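Below is one structure, written out as structure tokens, with a few remarks after it.
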Amino acid sequence: MLLFFRLDGEFITTVQQRGAAIIKARKLSSALSAASSACDHIRDWVLGTPKGTWVSMGVYSDGSYDVPPGIIFSYPVTCENGNWSIVQGLPINEFSRKKLDATANELVEEKALAYSCLN
């Protein structure tokens, strides 16, 4: 069963402010939450994703979903035997396309800035 929900408005704001919300609720750093996420990421990568499921991971772009190649981008992936594969062919609506493009553009600019510091 697929669940669909809107990703605009309050949801995006909530996700953007999640670190601050964790700090406010726990009165502690959000580092434990980040560490837990890192552990989940490594677990899925090393042990694999269950058949028929996928997770989001920041991986090297190969140009899938019209994201410029050569940047690290969050993609839907499956993992098996320590290898990840980008899930292809998922539908992208207009709102999501705009968000993907904006994020990709920011990452390309940040990559160019980082490389300019090396010269």
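The values are calculated or read from the model by the stated rules, or taken from the named source; none is laboratory data. None of the values given here were measured: they were computed from a predicted structure. Please note: Cβ atoms are built from the backbone with ideal geometry, for glycine as well, and neighbour counts cover all protein chains shown. Just the protein is used for accessible areas: all its heavy atoms, side chains included, with ligands, DNA and RNA removed. Shrake-Rupley method; radii C 1.70, N 1.55, O 1.52, S 1.80 Å.
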Per the filter on segment 43-72, residues open to solvent by 50 Å² or more (accessible area, probe 1.4 Å), within 24 Å of Lys111 (Cβ to Cβ) and of a type outside the set (S, T, N, Q) are Trp45, Tyr60, Asp62, Asp66, Pro69, Ile72
List the pairs whose first member sits in segment 23-41 and is within 30 Å of Thr78 (Cα to Cα) and assigned to a helix (DSSP H, G or I), whose second member is modelled with pLDDT under 70 and open to solvent by 60 Å² or more (accessible area, probe 1.4 Å), and whose Cβ atoms are under 9 Å apart, counting only residues at least 6 apart or on separate chains? Leu32/Arg26; Ser33/Arg18; Ser33/Arg26
Which ones in segment 90-119 are closer than 24 Å to Val55 by Cβ, open to solvent by 70 Å² or more (accessible area, probe 1.4 Å) and not in a helix (DSSP H, G or I)? Pro91, Asn93
Mind checking which residues of segment 45-75 are assigned to a strand (DSSP E or B) and among the β-branched types (Val, Ile, Thr)? Val55, Val59, Ile72
Of all the residues that make up segment 73-89, how many are among the small types (Gly, Ala, Ser), free of Cβ contacts under 8 Å to residues at least 12 places away in the same chain and either loosely packed, with under 11 Cβ neighbours inside 10 Å or more than 13 Å from Asp44 (Cβ to Cβ) (or both)? 1
